[in-house]
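Data block below; observations after.
The values are calculated or read from the model by the stated rules, or taken from the named source; none is laboratory data. Everything numeric in this text was worked out from a predicted model, so none of it was measured. In this analysis, Cβ positions are derived from the backbone assuming ideal geometry, glycine residues included, and neighbour counts consider all displayed protein chains. These area figures cover heavy atoms from the full protein model, side chains too; ligands, DNA and RNA do not enter into them. Shrake-Rupley method; radii C 1.70, N 1.55, O 1.52, S 1.80 Å.
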Amino acid sequence: MNETELSTRYDPAEVGKRWYDYWLEKGYFKANDTDTRPPFCIVIPPPNVTGSLHVGHALDNTLQDILIRHKRMSGYNTLWMPGTDHAGIATQNVVERELKKEGLDRHELGREKFLERSWKWKEEYGGKIIGQLKELGASCDWDRERFTMDEGLSRAVREVFVRLYEEGLVYRANYITNWCPRCHTALSDIEVEYAERNSHLYDIAYPLKDGGRLVVATTRPETLLGDTAIAVNPEDDRYRKFVGKMVLLPISGREIPVIADSYVAMDFGTGALKITPAHDPNDYEVGKRHNLPAITVIDKNGRMENVPEKYVGKSREECRKMIVEDLKEQGLLLETHPHKNAVGECYRCKTTVEPSLSMQWFVKTAPLAAEAIKAVETGAVEFIPKSWENTYFEWMKNIRDWCISRQLWWGHRIPAWHCADCAHITVSRTDATECAKCKSKNIAQENDVLDTWFSSALWPFSTLGWPDKTEALKTFYPTSVLVTGLDIIFFWVARMIMMGIKFTGEPPFKKVYIHALVRDAEGKKMSKSKGNVVDPLTLMMQFGTDSLRFAVCAMESQGRDARLSEKRIEGYRNFVNKLWNASRFVLMNIGDYKGGADLNKLNLTVADRWILSRLQKTTAQAQEALDNFRFNDLANALYSFTWGELCDWYIELAKPRFTGGDAETVRAVLVHLLDNVLRLLHPVMPFVTEEIYHKLPGHGESLMIASYPKPESRLLDEEAEKEMETVMEIISSIRSIRQELNIPYSVPLTAIVKCGSEDGSAKIKTHEKSILAITRAVSIEVSTNAQRPPQSATAVHAHSEVYVPLAGLIDISKEKDRLEKDLAKIKKELAMLDKKFEDDNFVKNAPPEVLEKDRGNHSELTRRVAGMEDSIKWLGQ
Ligand SMILES: [Zn+2]
Ligand SMILES: [Zn+2]
């Protein structure tokens, strides 16, 4: 194959691997810590080390790669910082499952051995996703890849923890937290998902010590043995007289007081509530206000404890049944009502969480949140789309202290040592060997590890070398933009802003782009249970990586739900092929053109001036879209220029010129156009563009490091655009007359064009050759006073009318019959659509894509009806 020739078919897999290896080998992904070019930095949202690429990653990382590649081509010193997250619970679960297969559990193995196993797992299987990101084309600086538990990042974690502790912003407290009895760890509020469940509301009678009874409504009878009060609303007249009296707890007979607290809703159940401070967060607050004891009756495995012997060790569900039976027997269960309530579940394993008391570590968030709110208010950090700022403010203004301890082994073990002799806690940057207070050597490190989000909150600066004052930190921090999903605004984005400001004095990024959630073609959330999850790796194999990348770019419209369908990706594969074939055609027709011609010195035709002007506008649109994170606008502008103008029109217009006198000009223009289109498309479709680029005469070392086009205003040419619009109108109408009336291209026809002005007429005449070539007309007459011959097809435009005499071209009566039959059919379809639209229910309830499709159909059918009616008319006249 010769140097400028492309193979007949594009093979995405082969091409992708070849160029990715080339880019790596050339070191193009590498950033420079001491460079004078302006910096542009993105830190990757670190995927879980257990993860593998899903569509959300494909979207998230394609968008980041587009931004990075664009800036790299625009002369920035770009750093896309990669790495993975140790993913506490997820990784521990994976390793525990492995152990289980061997008949082991982590307690038998012991902490040290378990961690060895976990590291071994991480080295062998972890980070599979990194390889998949490379397949996607991600141009991260892989030499800098970090892991949240590597040495440097662990040092940053310790530094932050110790400083917060020293400032009194980390504290320990007995607290009620959401406990997962399966994962054996406390969960933060946002790690709990609520699911609506059908359950029951039980009315239980609590006998008063002095006679009589109080009826309490509860959804959780199994916690009854942990009750330490009955609460009523102080305004509730029904109960005022009982406040201060004692009741006898059913089953156990323990005495508990009746208290008044405005937390109790008078209209819920009976208006009297049992208070179980150890197993309900609200009850816990009530208990604190009234100095009630908290009695734990459910242990860390979700089994009953501190209860009468018969219930000990039973699960929560079993115990509920037993207690209900026992109450019934004693005549204390008065009624059972069906009741729907929201039950908290562990976001990892879906086990019902148990609010539970334990000693936990917390970060006092209010002072950190105040600064983080300010940063967004002042615009130091900007959310795109802006509407997310309200969500952020609302959450930050009501922020609760952050429970950072997790009862896991895999993670950053809290750097605190408990003294067995004096109970002092020594918190230290280095491993402590003695108690800081009494110097006893009898100390033991805290068993808990930190919440995984603690280390990821430091990600933007820990990855750049903090706490050291590195060149990387100086050059790339604050980073330029963060690209992430809406589901982790609180888990991650807000916490990074808080920690970034606290420890570096500056917010970690200037902009946060919140992208869409990827849904299926019908707009449904993808989920394993629905079976509608698509695998990006399969799609890449099936349609090519560039097609998938273009599809996600095209569907990303400022965070509005993105719908991904195979059909759409297939459509963009056709686009990739179109680009390939057009490039192939151009390259086969440029002869020995060596590239580099100065467009100013060429004798440009109107068509050349038109397409060059359109190129400038498209370039400006692309730049603007990229600067404003309008990914779908970027995709649309490039798609419609490349396919709709360059391939469909300019290349067609250029064909007759290859053999003419201005072949050199058209070759130079085509190569210029192709070169620019490849540059414009490269950030979105890096592989196919690089492959084609290397066949262009005068190409550089790599498209990746070629400059991104800038619009050149001197090439804007409104006059040429207007003139070409008229020419294209004329050509289109002759083409559609051929189509509508079944006149094959092999049948020569004559066209008559009537122009509104002498000037217009003269201009059209200069395009005669092109018009004839594209429409395969044998002749065209252009004048201001042309007459419509009888039995002519007609098209009317703003500045021209086109007539095509039909006599002798087709069997007029046969054609008329066919048209009338077709017309009737189409009108029927149209009437059906009309009926659909008249139905308010349909319009209101139909999914938007169905409506859009029907509307598109409707206008297409309407257009065809008009065209056919015209044709029938012409045949008769
Ligand atoms: Zn769990
Ligand atoms: Zn001590």
Check: Near the amide H of Val247, under 5 Å away, which other amide H atoms are found, from residues 5 or more places off or on another chain, if H is placed in the peptide plane?
Finding: Lys209, Ile256, Val258
Next item on the list: Go through region 371-385 residue by residue and turn each phi into a ³J(HN,Hα) via Karplus (6.51, -1.76, 1.60, θ = phi - 60°); whole Hz please, and just put x for glycine and proline.
Entry: 5, 5, 5, 4, 4, 7, 4, 7, x, 4, 10, 10, 8, 10, x
Check: Mind listing the phi-derived Karplus ³J(HN,Hα) values for region 283-300, rounded to whole Hz, using 6.51, -1.76 and 1.60 with θ = phi - 60°, and x for any glycine or proline?
Finding: 4, 4, 5, 4, x, 4, 5, 10, 6, 8, x, 10, 10, 7, 10, 10, 8, 5
Checklist line | Amide proton proximity set for Phe40, modelled H, under 5 Å, gap of 5+ | finding: Asn77, Thr78, Leu79
Notebook entry, point to check: Under the classification rounded if a/c is under 1.5, otherwise prolate if a/b is larger than b/c and oblate if not, where does region 488-632 fall, given a ≥ b ≥ c as square roots of the Cα gyration tensor eigenvalues?
Noted result: oblate
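Under the rule a/c < 1.5 gives rounded, and otherwise a/b versus b/c splits prolate from oblate, where does region 202-312 land using the Cα gyration tensor?
Numbers: a/c = 1.83, a/b = 1.45, b/c = 1.26.
Prolate.
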Check: Given only helices, namely DSSP H runs of n ≥ 4 each adding -39500 (n - 2.57), what is the per-residue ellipticity at 222 nm of the chain, to the nearest 500 deg cm²/dmol?
Finding: -13500 deg cm²/dmol
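Compare the peptides 848-855, 309-316 by average per-residue count of other Cβ atoms within 10 angstrom and give them in order, highest first. Walk me through the numbers before you get to the answer.
On the way: 848-855: 13.0, 309-316: 14.8.
Peptide ranking by packing, descending: 309-316, 848-855.
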Note to self: Full-extension gain between Ala846 and Lys386, please, as 0.36 nm times their residue separation minus the C-alpha to C-alpha distance.
What the structure shows: 162.7 nm
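Rank His200, His515, His107 by accessible area, highest first, at a 1.4 Å probe radius?
Numbers: His200 80, His515 10, His107 120 Å².
The ordering from most to least exposed comes out as His107, His200, His515.
Quick one: length gained pulling Asn447 to Lys469 fully straight, 0.36 nm per residue minus the C-alpha distance? Intermediate results must be reported in sequence, preceding the final value.
Details: separation 22, 0.36 × 22 = 7.92 nm, distance 3.16 nm.
Here the answer is 4.8 nm.
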Next item on the list: Of the listed pairs Lys134/Lys710; Lys120/Lys350; Lys567/Lys835; Lys128/Lys853; Lys321/Lys350, which have alpha-carbon separations greater than 31 Å here?
Entry: Lys128/Lys853
Notebook entry, point to check: What angle, in degrees between 0 and 90 and rounded to the nearest 10, separates the Cα long axis of helix 718-740 from the longest principal axis of the Cα atoms of the chain?
Noted result: 80 degrees
Item checked: Order of exposure, largest accessible area first, which applies to Thr642, Thr219, Thr336, Thr36 with probe 1.4 Å -> Thr36, Thr336, Thr219, Thr642
Next item on the list: Would you pull out the residues with amide H under 5 Å of Thr270's amide H, same chain only if 5 or more places away, H placed 1.01 Å from N?
Entry: Ala217
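What's the extension gain from Ile872 to Arg111 if we count 0.36 nm per residue and subtract their Cα-Cα distance? Could you put the intermediate results ahead of the total?
Values: separation 761, 0.36 × 761 = 273.96 nm, distance 8.62 nm.
Residue separation times 0.36 nm, minus the Cα-Cα distance, leaves 265.3 nm.
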Item checked: Antiparallel DSSP beta bridges within the chain, as percent of all bridges there, nearest 5 -> 70 percent
Next item on the list: Taking the chain as the reference, fit the longest principal axis to its C-alpha atoms, fit the long axis of helix 663-681 to the helix C-alpha atoms, and give the angle between the two in degrees, 0 to 90, nearest 10.
Entry: 10 degrees
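Grab the beta carbon distance between Arg213 and Leu486, set R0 = 51 Å, and tell me the FRET efficiency rounded to 0.05.
Values: r = 50 Å, r/R0 = 0.98.
Efficiency, from the Cβ-Cβ distance: 0.55.
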Note to self: For the chain, take the longest principal axis of its alpha carbons; what is the angle in degrees between that and the long axis of helix 12-26, to the nearest 10 within 0 to 90?
What the structure shows: 70 degrees
Next item on the list: Can you pull the one-decimal nm distance between simple spin-label points at Trp142 and Cys438, each 7 Å off the Cα toward Cβ?
Entry: 5.5 nm
Checklist line | Charged-residue dipole, Cβ positions (Lys, Arg, Asp, Glu), the chain about Cα centre, Debye nearest 20 | finding: 600 debye
Next item on the list: Provide the percentage of antiparallel DSSP beta bridges, counting only those with both residues in region 292-443; round to the nearest 5.
Entry: 100 percent
Next item on the list: Return, ordered by residue number, the residues of region 218-241 whose backbone nitrogen is under 12 Å from a label point located 7 Å along Cα→Cβ of Phe268.
Entry: 218-220, 231-233
Check: For region 1-94, what does the alpha-carbon gyration tensor say about shape, rounded, prolate or oblate, given a ≥ b ≥ c as the root eigenvalues, a/c under 1.5 as rounded, and a/b over b/c as prolate?
Finding: oblate
Checklist line | Spin-label zone in region 581-602 - amide nitrogen under 18 Å from a point set 7 Å from the Cα of Arg18 along the C-beta vector | finding: 581-585, 587-588
Notebook entry, point to check: Quick one: Karplus J couplings for region 859-867, per residue in order, coefficients 6.51, -1.76, 1.60, θ = phi - 60°, nearest Hz, x for Gly and Pro?
Noted result: 6, 5, 5, 4, 4, 5, 4, 4, x
